[in-house]
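Student: Below is one structure. I have some questions about it.
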Amino acid sequence: MKNDFKIKNLFRKNKSVPNEQEKKQFKMLSAFTILLLIIAFIIFISWILKWSGTTVHINEANDELGNKIPAHDEKIVALGIFDLFLAPINGFVNGAEIIVFLVALGGFLNIVICSKALEGFSQNITTALKGKEIWAIIPLMIFFSIIGSTEGMAEESLGFYMICIPLMMAAGFDKLTGFMIVLLGAGVGVMNSTVNPFAVGIAVDTIQQQNSGIETSVGDGLVWRLISWFVMTFTAISFVMWYSWKVKLNPQKSIVFKTLEEDKKFFLSEAADKIEMNWKRKLTLTIFALTFILMIFYMIGWDSILGFKNDKLDESTWGPFYKFDLWIKENLPYLSSQAEGFGNGGFIVVSAMFLVSAIVLGFVNGIGEDGFLDQFMIGAKDLFGVCLVIAVAGGIGWSLEKSLIQQLVVSGLASSIGGINSSIGILIVLFILFIPLSLFIPSTSGFAKAIFPLLASTGGIITKDPEVLASGSVTAFVMANGFINLFTPTSGIIMAAMGIAKIDYPKFIKLMWPILTILLILSIVMISIGGAIGGNIA
């Protein structure tokens, strides 16, 4: 029975896929290198601004001790060469909570994936719909979209292409049907992130760190993000079903019709073996789902949604979840006396949840101490690259803050975008600006750590109308960043997926441009309506 759980790294790309096409393509700089170059550029700009005698106006504020600092002008601070290496370290320190969370999440996910519970689950869906395989598109895409929206499915999705493509081709569709099930399913989910800690969580956390008096939580705007998720997921599913039905009726309408026979020989011969959903995999799938449900339920600010402020000194402002937390600590101190209650906690407690779940899965799958440590460390290592990106991106915010360029940029944005009287107009402009910026920083978490300090600091754009612009800017960010990451050649995940599916970029764009256009228009529409609604809903 122990052979059910294979000790290997399933995050890595399928090695059986030829990589000749990859070698021919121009190798883009990694997000890590791009972010370091941005810090170097900031240092160089700080020299120029220092030499030119540029000053920036600092608004009245309070220091860490609560003492009032009057408004005054300060000269730009020139950073040094050594600061190029000091910046990522400070970014690492400032982003410690999310980095710890990523390590725990990576280990947990690798243990789940290695158990093959998720693969068996997707196979069961298509088997149950034998002869009506087109309807399998709906639950599969909803599944990928939910994981994308709640967890930010990225590298993890690569293992599913070699599952969905053979399954769809065996049902009479082309390889692009299986390709789009994974890409658009997970991609549209990420684009409409609800509680995705890599996007929404980091953006909200970054906003709160700016000490600008803005109060927001993951729960703010959640209702509208859920509605947007439903609308765009339904749209993506409809597009994939339309394309697959068209191809099945007339295979010549497939964009990859010329390679159809070659694709059948390759993908159907490489089709995954039938995976038995034994009790271990069923229990693993259950624990996987319950862990994410618990994370979602825990991180949402329910009391905030219900209108409670939870002022420690005013009992009349306490919400039911805050009171429940106090009851737990008073009556069940041996369960936990340190963890914050539901709706009030952050990444540290959620990290502990994933660690507990990973340990439980280790016992369920009978992998032993060595097997658990091996797989947990492999998963943690695979996401450590994301941790480094977050650290370097945080270094950008640190560099901008210490050089006072952040204040200069904030003043510039406030006088340009901030000059727009309509909050809806500001959100649309931010969405449009975020799209090209995401080309240079394809990492969702890296983008959030680099950009939101500029928007949420004292005097920033968000402070103009926090009720609308705080959650609205987060929604605009996840939509813009998720949209560009559906097709940008700077994304290693997109290029890897294309390599697995054996499709070149021109054909990929020919396939995707109609749905990309629709999603772009829907994003602007949903952001506009959400901005008009405002409040905790949007």
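The values are calculated or read from the model by the stated rules, or taken from the named source; none is laboratory data. Owing to the predicted nature of the structure, the values given are computational and were not obtained by experimental measurement. Reconstructed Cβ throughout: ideal geometry from the backbone, glycine too, with neighbour counts over all protein chains shown. When the accessible area is computed, the model is the full protein with side chains, heavy atoms only, and any ligands, DNA or RNA have been set aside. Shrake-Rupley method; radii C 1.70, N 1.55, O 1.52, S 1.80 Å.
Student: Determine which member of the set S149, S115, S157 is at pLDDT 85 or above, of a type outside the set (A, V, I, L, M, F, W, C) and closer than 20 Å to I484 by Cβ.
Tutor: Numbers: S115 fails: closer than 20 Å to I484 by Cβ; S157 fails: at pLDDT 85 or above.
Sole residue among the options that is at pLDDT 85 or above, of a type outside the set (A, V, I, L, M, F, W, C) and closer than 20 Å to I484 by Cβ: S149.
Student: Can you find a residue that is under 20 Å from the mean Cα position of the chain (by Cα), in a helix (DSSP H, G or I) and charged (D, E, K, R) anywhere in region 374-391?
Tutor: Yes, region 374-391 has at least one match.
Student: Sort out which residues of region 213-257 are surrounded by fewer than 17 Cβ atoms within 10 Å (Cβ to Cβ), of a type in the set (G, A, S) and in contact (Cβ under 8 Å) with a residue 24 or more places away in the chain, and write them in order of number.
Tutor: If the condition is that a residue be surrounded by fewer than 17 Cβ atoms within 10 Å (Cβ to Cβ), of a type in the set (G, A, S) and in contact (Cβ under 8 Å) with a residue 24 or more places away in the chain, then G213 is the only one that fits.
Student: So which of T444, T475 ends up being within 21 Å of the chain's Cα centre (by Cα) and at pLDDT 80 or above? First the steps, then the outcome.
Tutor: Working: T444 fails: at pLDDT 80 or above.
Of the residues listed, the single one that is within 21 Å of the chain's Cα centre (by Cα) and at pLDDT 80 or above is T475.
Student: In this structure, does W302 turn out to be open to solvent by 30 Å² or more (accessible area, probe 1.4 Å), over 21 Å from the mean Cα position of the chain (by Cα) and at pLDDT 80 or above?
Tutor: no
Student: Here's a follow-up. Can you confirm whether I509 is closer than 26 Å to W398 by Cβ and either open to solvent by 30 Å² or more (accessible area, probe 1.4 Å) or in a helix (DSSP H, G or I) (or both)? Full working, then the answer.
Tutor: Values: closer than 26 Å to W398 by Cβ: no; either open to solvent by 30 Å² or more (accessible area, probe 1.4 Å) or in a helix (DSSP H, G or I) (or both): yes.
So I509 does not fit the description; no.
Student: Let me ask something additional. For region 71-130, which fully contained helices (runs of 4 or more DSSP H) count at least 3 residues that are open to solvent by less than 10 Å² (accessible area, probe 1.4 Å) and touching an Asp or Glu at 6+ places or on another chain (Cβ under 6 Å)? Full working, then the answer.
Tutor: Working: elements: 83-94, 96-114, 117-128.
Where helices (runs of 4 or more DSSP H) fall fully within region 71-130, none carries at least 3 residues being open to solvent by less than 10 Å² (accessible area, probe 1.4 Å) and touching an Asp or Glu at 6+ places or on another chain (Cβ under 6 Å).
Student: Right, here's the next one. If you take just the helices (runs of 4 or more DSSP H) that sit entirely in region 161-272, which of them hold at least 1 residues that are over 19 Å from S473 (Cα atoms) and either touching an Asp or Glu at 6+ places or on another chain (Cβ under 8 Å) or among the hydroxyl-bearing types (S, T, Y) (or both)?
Tutor: Details: elements: 175-191, 202-208, 222-249, 260-263.
Helices (runs of 4 or more DSSP H) meeting the threshold: 175-191, 222-249, 260-263.
Student: Which of the residues that make up region 488-506 are hydroxyl-bearing (S, T, Y) and either farther than 19 Å from E262 by Cα or not in a helix (DSSP H, G or I) (or both)? Can you show your working first?
Tutor: Step one: of region 488-506, the residues hydroxyl-bearing (S, T, Y) are 488, 490-491, 505.
Hits for region 488-506 are T488, T490, S491.
Student: Next question, about the same structure. Can you tell me which of G379, G397, G346 is in contact with a Leu (Cβ under 7 Å, 6 or more places away or on another chain), open to solvent by less than 30 Å² (accessible area, probe 1.4 Å), in contact (Cβ under 8 Å) with a residue 24 or more places away in the chain and of a type outside the set (A, V, I, L, M, F, W, C)? First the steps, then the outcome.
Tutor: Details: G397 fails: in contact with a Leu (Cβ under 7 Å, 6 or more places away or on another chain); G346 fails: in contact with a Leu (Cβ under 7 Å, 6 or more places away or on another chain).
Criteria check complete, one pass: G379.
Student: Looking at region 217-230, can you tell me whether even one residue there is modelled with pLDDT of 90 or more and of a type in the set (G, A, S)? First the steps, then the outcome.
Tutor: Of all residues in region 217-230, those modelled with pLDDT of 90 or more come to 224-230.
Add one more test, that the residue is of a type in the set (G, A, S), and what stays is 228.
Yes, region 217-230 contains a residue that is modelled with pLDDT of 90 or more and of a type in the set (G, A, S).
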